Amino acid sequence: MAVAHGNRSVRVWDVSAGPQKVAEFDTPTFVTGMAVTPGGSGRLTLVGPQGYVAVVDLDEQVPRPSSAHPYGNPHTVVGVDARRVVTSTDTHLVLWDVTGERPRRVAKVPTADSHASLTLLPGAGQQARLAGADTANGARQVTFWTVDGDDRLVHDDAPMVTGAADLVTLAGIAGPGGAPGLLTTTRDGVLRLWDLTTRSSVTEIRADGPVGGARLATVAGPPGLAEATALPVTASSLDTRIRVWDPTPHEATGPPVGAAGGQGVTRMLAADGEELITVRWDDGTEQTFATADGTERQIDGARPAPLPLWDVGLPDNLGAPVRDRVALDHGRTAVAVADGVVVLETAPNERQA
């Protein structure tokens, strides 16, 4: 594992047992991006301000950055295969051969936007496919690129529109059967998994805590996890926890609570901490129910405990217009409709590392 620090140093760790630091070296500028070339070549590419692009051979006894090849103002770098990496600048994507003494530029293409976030998509066969977005300037669409065996970097298909919220970062993920998927985080605090064939969001995870401003990566899932070969991991400067998520689709479940017209719903906490919802009916009466199982409760000693309302994307099968809604804990939302209240699961269970 390689870690770049704010004092312009990079440390390399063996995490198989320990962890144990195996190397440390200085760089002439701050490192803004790193990528290991896939395939076990033992090479690390570094990028930074003032066009800094350098390669470190981690198999050397004393790893040191090679002489840099200055070009543009690289924002990030992505490993394509054992031979090549791609960097993004303000105006170009650049393909590099990193097998020699220093990185060698082999192709470049102009881009309409600066791809501050760039990721390699899995499962592209003989060609490598990349997804990028101008996350530094409020992008709301993703652009795709293909790198072929002849060192050609070409624009691939039309951009994919991702919605009304600004993108924060992207990450490729392998879905069921190894099909390529894309993860995105947005400034409204939503992690989405996209089907790149249909260009539709198949999972939307609204976190209990912030994922806006997050770093996004994927890890191998545990054995037996249904229909998932990789798991998204988020980290944010606004959150003290690393979060590991289950990306499999989740649907709203459970019957409506109550049988009269529900005008509104409020989240409450009982004196013992049990989570409740109070429903205001059309005739002016109120009833209180436990959110865990829908059974009616008395509210002696209960206190209102609203949470910030999330802009939750509601399913189309509620059967009636939404009159009110309130956020519950564990990523759930209570929704008042004409014939009662539905509790929706808006996020899968969170796994913490």
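The values are calculated or read from the model by the stated rules, or taken from the named source; none is laboratory data. The structure displayed is predicted, hence computed values, not measured ones. Ideal geometry is used to build each Cβ from the backbone, glycine not excepted, and the neighbour counts take in all protein chains shown. The accessibility values were calculated without ligands, DNA or RNA, using every heavy atom of the protein model including side chains. Shrake-Rupley method; radii C 1.70, N 1.55, O 1.52, S 1.80 Å.
Relative protection proxy for 11-21, 142-152, 92-102, 55-65, from highest mean packing down: 92-102, 142-152, 55-65, 11-21 (other beta-carbon atoms within 10 angstrom).
Can you give me the % of accessible surface on the range 54-120 that is carbon or sulfur? Probe 1.4 Å, all protein chains present, nothing else counted. The C+S portion of the solvent-accessible surface of the range 54-120 is 47 percent. Counting only heavy atoms of the protein chains and using a 1.4 Å probe, Met1 has close to 120 Å² of accessible surface. On the full set of protein chains, 1.4 Å probe, figure out the accessible area of His69 and give it in Å² to the nearest 10. In the full protein context, His69 sits at about 40 Å². With K and R counted +1 and D and E -1, the other residues having a Cβ less than 14 Å from that of His155 yield a net charge of -1.
Other residues whose C-beta falls under 13 angstrom from the C-beta of Asn137 contribute a net charge of -2, scoring Lys and Arg +1 and Asp and Glu -1. Add +1 for every Lys or Arg and -1 for every Asp or Glu among the other residues with Cβ under 15 Å from the Cβ of Asp59, and state the total. Summing Lys/Arg as +1 and Asp/Glu as -1 gives -2.
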